[in-house]
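S.K.: One structure, pasted below without further comment.
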């Protein structure tokens with residue numbers, strides 16, 4: 001007897017003892033709420049195995065978190081099930097004289113259900129907290145959702161399935177069976193071939209539209225596989241939701257031998273019925289599961305994104321754009337994997353947020369450290385493109401990918417020209433630069449770009465710079481920013497606002513110190529206004545600026561109140577690359593800005609849209625003019641809003657995302 005069988009025997013004994021204690025106490029009952037209109041009908045089919053049914057009912061009572069009803073179809077049980085159901089109150093109980101089988105029992109339960117939604121649940125399961133609400137949210141928010149399945153885990157902690165695969169020969173496989181259930185590859189939402197009837201959630205009217213479970217699969221097995229095929233024929237999608245988890249005592253409600261015989265018999269029925277569709281499915285084999293785990297993944301655009309870390313937008317440093325890039329790819333129905341090369345730990349809630357929009361996020365788990373070379377060896381034929389951000393990442397992995405045959409398309413995301421930033425930094429700090437040093441900085445970055453099939457720049461200005469240095473295929477991918485003007489009028493606003501991430505090496509430290517030391521004293525002398533420095537702050541040099549009139553807030557949960565309060569936004573940056581996202585954000589909130597010449601040049605802005613301070617005195621005068629003249633303030637606010645709406649809207653960003661796929665002279 002193997003270890004799992006021994007554990008199952010021990011658990012079965014424990015559950016029988018637990019049921020015996022419950023039944024021995026005359027006052028023990030299972031009392032369910034009596035919702036006038038349940039949202040979900042939970043359908044259980046029972047045939048003996050009362051101890052399993054009891055623990056399933058207990059977990060439903062403990063963890064069901066939306067209005068529900070329990071519908072129990074008893075298929076002529078002759079064990080303690082009869083006594084258990086007499087102690088189960090406010091559940092709809094259907095009693096059959098004989099064992100009608102799982103398929104007919106489910107159809108009976110569905111016909112009697114009062115809920116808008118159905119949850120078919122094996123009676124040898126335990127549900128976990130938030131299962132119902134998670135399944136419901138997924139079904140309601142996913143376009144054309146036909147059914148949603150859960151992550152199914154054995155009692156010994158191993159995975160039974162993370163969505164299921166249909167092979168071309170009609171056989172099926174639970175993805176990840178026998179592996180650790182919380183590994184990254186099993187932890188993201190995706191469309192799958194089908195989900196097991198162990199836990200299957202769908203609308204009642206959709207179930208009826210599909211003709212319910214087909215009774216040719218009586219008494220059970222392959223009925224849910226067939227149902228998911230029928231749902232797909234009707235234009236619906238089948239979704240796997242890893243945040244919904246059930247524990248399953250496999251074969252707790254039937255014998256393994258009987259199950260195997262029925263699976264073999266019904267596989268033939270299924271394959272015969274769906275042969276015309278199965279030709280589009282994968283053949284089983286080594287490595288095939290990666291390609292088959294997402295339904296029709298081969299027809300999707302498949303992208304591996306490599307960046308430093310799982311992006312935390314509040315850190316700045318290009319991570320807000322990394323986050324938008326990932327969201328944009330997900331919105332475009334791209335199959336995306338994110339590999340964080342430098343900092344490989346999972347970071348919540350960001351990891352889960354990406355997983356919930358369908359992105360596979362690779363990260364360290366337990367004592368298992370991820371390694372790109374090993375990952376690539378396993379997945380080298382799984383992607384159409386590899387999109388790499390930041391020069392050091394390109395330098396680290398380009399050689400590994402170049403040696404692959406066939407070599408994938410490599411796209412280098414130049415979210416910022418690092419040589420621009422470094423040359424600007426040294427110039428601003430008064431560090432002499434020889435022409436040889438300048439050319440060396442430029443050449444190093446351009447040589448990395450030459451390894452790519454395509455380069456993405458963050459602005460038209462940087463696109464032209466890169467092309468002027470000999471790189472041919474360069475495309476702009478900017479930002480997506482929603483215009484949401486804050487309501488306070490000119491007369492009800494006060495103070496200056498600087499928003500940025502103050503981290504080691506960030507240009508924001510230099511900008512804030514320069515502004516506080518050189519510009520703000522001139523403004524304060526005239527206006528007496530406060531300065532707010534807001535954003536992630538890891539620097540003592542910035543914390544030490546705090547005073548009665550300089551407010552250093554650190555990270556705040558919501559910037560909207562600060563934008564609504566402030567009259568003028570300042571961006572005194574002296575060296576940077578890319579584009580100033582916080583300036584765009586301030587304009588989207590309708591807060592006029594006074595900026596440095598560098599920042600105005602990055603966006604191609606004139607003083608119709610922002611005021612430009614060319615030295616400390618000029619900068620201070622521009623702030624004072626904007627702060628005191630309502631006509632100037634209103635003009636800048638109106639033009640800033642119009643600029644963002646025109647240049648950084650969702651439609652344009654979506655098209656830029658789609659354009660990444662097009663690489664001249666490349667196949668795939």
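The values are calculated or read from the model by the stated rules, or taken from the named source; none is laboratory data. Fair warning: this is a prediction, and the values are worked out from it, not measured in the lab. Heads up, the Cβs are rebuilt from the backbone with ideal geometry, glycines too, and the neighbour counts pull from every protein chain shown.
S.K.: Can you tell me how many residues within the range 463-486 are surrounded by fewer than 15 Cβ atoms within 10 Å (Cβ to Cβ), farther than 17 Å from residue 656 by Cα and not assigned by TED's automatic domain parsing to the domain that holds residue 318?
M.R.: Here the count works out to 1.
S.K.: Scan the range 535-544 residue by residue and report those that are assigned to a loop (DSSP other than H, G, I, E, B) and either in contact with a strand residue (DSSP E or B) (Cβ under 6 Å, 6 or more places away or on another chain) or not assigned by TED's automatic domain parsing to the domain that holds residue 627 (or both).
M.R.: 535, 539
S.K.: Restricting attention to the range 63-72, which residues are without any contact (Cβ under 8 Å) to a residue 60 or more places away in the chain, within 32 Å of the chain's Cα centre (by Cα) and within 14 Å of residue 30 (Cβ to Cβ)?
M.R.: Scanning the range 63-72 gives a single hit, 69.
S.K.: While we're on this one: So, in the range 160-175, how many residues would count as being within 30 Å of residue 348 (Cβ to Cβ) and in contact (Cβ under 8 Å) with a residue 40 or more places away in the chain?
M.R.: Within the range 160-175, residues that are within 30 Å of residue 348 (Cβ to Cβ) and in contact (Cβ under 8 Å) with a residue 40 or more places away in the chain number 6.
S.K.: Could you say which residue among 59, 134 is crowded, with 21+ Cβ neighbours inside 10 Å, at pLDDT 95 or above and assigned to a helix (DSSP H, G or I)?
M.R.: 134
S.K.: Only residues that are at pLDDT 95 or above and on the phi > 0 side of the Ramachandran plot: list them for the range 181-235, please.
M.R.: Selection gives 211, 212, 222, 235.
S.K.: Does any residue of the range 99-120 turn out to be assigned to a loop (DSSP other than H, G, I, E, B), assigned by TED's automatic domain parsing to the domain that holds residue 211, modelled with pLDDT of 95 or more and surrounded by fewer than 17 Cβ atoms within 10 Å (Cβ to Cβ)?
M.R.: Yes; the residues of the range 99-120 include at least one that is assigned to a loop (DSSP other than H, G, I, E, B), assigned by TED's automatic domain parsing to the domain that holds residue 211, modelled with pLDDT of 95 or more and surrounded by fewer than 17 Cβ atoms within 10 Å (Cβ to Cβ).
S.K.: Only one residue in 527, 539 is touching a helix residue (DSSP H, G or I) at 6+ places or on another chain (Cβ under 8 Å) and within 21 Å of residue 595 (Cα to Cα). Which one?
M.R.: Unique residue meeting the criteria: 527.
S.K.: Quick one: how many residues across the range 21-56 are in contact (Cβ under 8 Å) with a residue 40 or more places away in the chain and part of a helix (DSSP H, G or I)?
M.R.: 6
S.K.: I need the full set of residues from the range 299-333 which are over 15 Å from the mean Cα position of the chain (by Cα), assigned to a loop (DSSP other than H, G, I, E, B) and crowded, with 17+ Cβ neighbours inside 10 Å, in order please.
M.R.: If the condition is that a residue be over 15 Å from the mean Cα position of the chain (by Cα), assigned to a loop (DSSP other than H, G, I, E, B) and crowded, with 17+ Cβ neighbours inside 10 Å, then 301, 316, 317, 318 are the ones that fit.
S.K.: Continuing with this model, one more query. Being surrounded by 17 or more Cβ atoms within 10 Å (Cβ to Cβ) and either over 37 Å from the mean Cα position of the chain (by Cα) or not in a loop (DSSP other than H, G, I, E, B) (or both) is the requirement here; does residue 85 meet it? Write out each step before concluding.
M.R.: Working: surrounded by 17 or more Cβ atoms within 10 Å (Cβ to Cβ): yes; either over 37 Å from the mean Cα position of the chain (by Cα) or not in a loop (DSSP other than H, G, I, E, B) (or both): yes.
So residue 85 fits the description; yes.
S.K.: State all residues of the range 1-43 that are farther than 23 Å from residue 248 by Cα and out of contact with any strand residue (DSSP E or B) (no Cβ under 7 Å at 6 or more places or on another chain); if no residue qualifies, say none.
M.R.: 23, 24, 25, 26, 27, 28, 33, 34, 36, 37
S.K.: Got a sec? Which of 425, 480 is in contact (Cβ under 8 Å) with a residue 60 or more places away in the chain and assigned to a helix (DSSP H, G or I)?
M.R.: 425
Residue by residue, here is whether (1) modelled with pLDDT of 90 or more; (2) closer than 28 Å to residue 658 by Cα; (3) more than 27 Å from the chain's Cα centre (by Cα) holds:
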{"position": "370", "(1), (2), (3)": "yes, no, no"}
{"position": "390", "(1), (2), (3)": "yes, yes, no"}
{"position": "399", "(1), (2), (3)": "no, yes, yes"}
{"position": "403", "(1), (2), (3)": "no, yes, yes"}
{"position": "433", "(1), (2), (3)": "no, no, yes"}
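S.K.: Could you list, in sequence order, all residues of the range 354-385 that are more than 13 Å from residue 341 (Cα to Cα), in contact with a strand residue (DSSP E or B) (Cβ under 8 Å, 6 or more places away or on another chain) and assigned to a strand (DSSP E or B)?
M.R.: Passing the criteria: 359, 360, 385.
S.K.: When you scan the range 244-251, do you find a residue that is over 32 Å from the mean Cα position of the chain (by Cα) and over 20 Å from residue 295 (Cβ atoms), even just one?
M.R.: yes
S.K.: Determine whether the range 73-81 contains at least one residue that is part of a strand (DSSP E or B), in the same structural domain as residue 198 (by TED's automatic domain parsing) and closer than 20 Å to residue 248 by Cα.
M.R.: The answer is yes, given that some residue of the range 73-81 is part of a strand (DSSP E or B), in the same structural domain as residue 198 (by TED's automatic domain parsing) and closer than 20 Å to residue 248 by Cα.
S.K.: Something else about it: Exactly one condition in (1) surrounded by fewer than 16 Cβ atoms within 10 Å (Cβ to Cβ); (2) part of a helix (DSSP H, G or I); (3) within 34 Å of the chain's Cα centre (by Cα) is not met by residue 491; state its number.
M.R.: The one condition residue 491 does not meet is (3).
S.K.: Here is a further query. Could you name every one of the strands (runs of 3 or more DSSP E) located completely within the range 157-273 that has at least 1 residues being assigned by TED's automatic domain parsing to the domain that holds residue 284 and within 30 Å of residue 310 (Cα to Cα)? So that I can check it myself, show each step before the final result.
M.R.: On the way: elements: 159-161, 164-166, 172-174, 199-203, 237-248.
Passing ranges, in order: 159-161, 164-166, 172-174, 237-248.
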